[in-house]
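A short write-up of the structure that comes next.
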Amino acid sequence: AALQALLVTGAGGLALLAGLVVIGNEFGTFRISEWNARAGEFVNTGLYGSALVFVLAGAFTKSAQFPFHFWLPGAMAAPTPISAFLHSATMVKAGVYLLARMSPTLGGSEAWEHTLTMVGGTTMALGAVLAFGQDDLKKILAYTTVSALGALVMLLGFSSELGAAAAIAYLIVHALYKGPLFHVAGIIDHETGTRSLERLGGLGRAMPVTAGVTALAALSMAGVPPFLGAAAKQAMRAAEAEAPAYHMAVEVAAFVTNAATAAVAILLAGLVFWRRPRDTPKAPHEGSVGLWGGAAVLVVVAVGLALLPGLAFDPLV
């Protein structure tokens, strides 16, 4: 898994380097701010097509877009502290950030809009559906992360103000619910000795704080009002309604993704904590505040932003 992650993201990084060199040579500078200040110029040059392919290859491999999505769930085989370092090192959202940062330079063309919409939408729906076939808690979360990354890429492909705002809103919301859920997966592994969904159940009484954190994060993930996830999904629906390319396909992909993501959230919170207890390698008990404290802070921030969207969340976006 480590070699796979290294090869895929490393090869994509080399492609990205090539694309940046092409753009930099054309503009005579390597400052992205200066490229964006001359937005629209590069799209009409003969080098636009090759630069776009190289940059997208770098962004798609870094952010686990289809057909490069496989490396991210594979990397979740590592223990939680190791996979946390891996996420820091590979920075899976860096590809999405790069697309957002360079959209004035490379965006606005049909090639940009169609490619990002098609690849992002496919990744979004595929990741959500594949999450159902997993037994490892972290792989379930990893596939839903792939789905979220696809949604962000698709929204940036719309090349609209609504799409950009929805992407930023969902980026913030995703961090505030997925961060706690990855923490929870590690806590459960540490306190029960397993991450297998089949072997987990009835942890709510033994781990009430972890169960509460999971419930709040899962409700946001499912997009249940008034939690923050509902605000992000509303912004996404508004952007999808104005999608310039593949409008019907976008609507279908969004419907499948929303249904699958909500179901996965219910499965995580419901089966692990509230179904009949099952035998685990270790007797389950609540972790220390050092384990669940970080996750609790994130869900409290998310609830605060949800309760005061006009004062906090909207200005932040």
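Throughout, read-outs are computed from the coordinates displayed, never taken from laboratory work. The structure presented is a predicted model; accordingly, all values stated were derived computationally and were not measured. Here Cβ is always computed from backbone atoms with ideal geometry, including for glycine, and neighbour counts include all displayed protein chains.
Mind pulling up the Rg/Rh value for segment 86-200? Radius of gyration and Kirkwood radius, both on Cα. Intermediate values should be presented prior to the final figure.
Numbers: Rg = 16.0 Å, Rh = 15.1 Å.
Rg/Rh: 1.05.
Using label points projected 7 Å from each Cα along Cα→Cβ, tell me how many nm separate ALA259 and HIS247, to one decimal.
2.2
So how far apart, in nm, are the two label points at HIS114 and LEU47 if each is 7 Å from Cα heading toward Cβ?
2.5
Tell me the angle of helix 208-222 to the major Cα principal axis of the chain, expressed in degrees between 0 and 90 and rounded to the nearest ten.
Tilt of helix 208-222: around 30 degrees.
Using Stokes-Einstein with the Kirkwood hydrodynamic radius over Cα pairs, what translational diffusion coefficient do you get for the chain at 37 °C and a viscosity of 0.692 mPa s, in µm²/s rounded to a whole number?
Details: Rh = 20.1 Å.
Approximately 163 µm²/s, per Stokes-Einstein.
In µm²/s, what is D for segment 197-270 at 20 °C and 1.002 mPa s, where D = kT/(6 pi eta Rh) by Stokes-Einstein and Rh is the Kirkwood radius from Cα pairs?
Details: Rh = 13.8 Å.
In µm²/s, the coefficient is 155.
What are the radius of gyration and Dmax of segment 144-294, computed over its Cα atoms and given in Å?
17.2, 54
Pairing the Cα long axis of helix 80-90 with the longest principal axis of the chain, what angle in degrees results, from 0 to 90 and rounded to the nearest 10?
Long axis of 80-90 versus the principal axis of the chain: about 10 degrees.
Output the 0 to 90 degree angle, nearest 10, between the alpha-carbon long axis of helix 110-130 and the longest principal axis computed from the alpha carbons of the chain.
Once rounded, the angle reads 10 degrees.
What is the packing order of peptides 207-219, 304-316, 152-164, taking the mean over residues of other C-beta atoms within 10 Å and listing the highest first?
Values: 207-219: 22.2, 304-316: 13.9, 152-164: 23.7.
With the highest mean Cβ count within 10 Å placed first, the list reads 152-164, 207-219, 304-316.
Could you give me the percent of Cα pairs per 5 Å distance bin for segment 245-297, shortest bin first, beginning at zero and ending with the bin that holds the maximum distance?
Percent of pairs per bin, in order: 4, 14, 12, 15, 16, 12, 9, 8, 6, 4, 1.
If I model a spin label at VAL224 and ILE266 as a point 7 Å from the Cα along the Cα→Cβ vector, what separation in nanometres do I get?
Output for this residue pair reads 1.0 nm.
At a 10 angstrom cut-off on C-beta neighbours, averaged per residue, how do the peptides 24-33, 278-287 rank from highest to lowest? Walk me through the numbers before you get to the answer.
On the way: 24-33: 13.0, 278-287: 14.6.
Listed from highest to lowest mean packing, they are 278-287, 24-33.
Please compute the Kirkwood hydrodynamic radius over segment 134-226, one decimal place, Å, based on all pairs of different Cα atoms. Write down the numbers at each step before the final one.
Numbers: mean 1/r = 0.0690 Å⁻¹.
In segment 134-226 this quantity evaluates to 14.5 Å.
Taking the alpha-carbon distance from LYS233 and a cut-off under 29 Å, which lysines remain once sequence neighbours fewer than 8 residues away in the same chain are dropped?
Partners found: LYS62, LYS93, LYS138, LYS139, LYS178.
Given 10 °C and 1.306 mPa s, how large is the Stokes-Einstein diffusion coefficient of segment 206-247 in µm²/s, with Rh as the Kirkwood radius over Cα pairs?
Numbers: Rh = 11.8 Å.
Using the Kirkwood radius from Cα pairs, D works out to 135 µm²/s.
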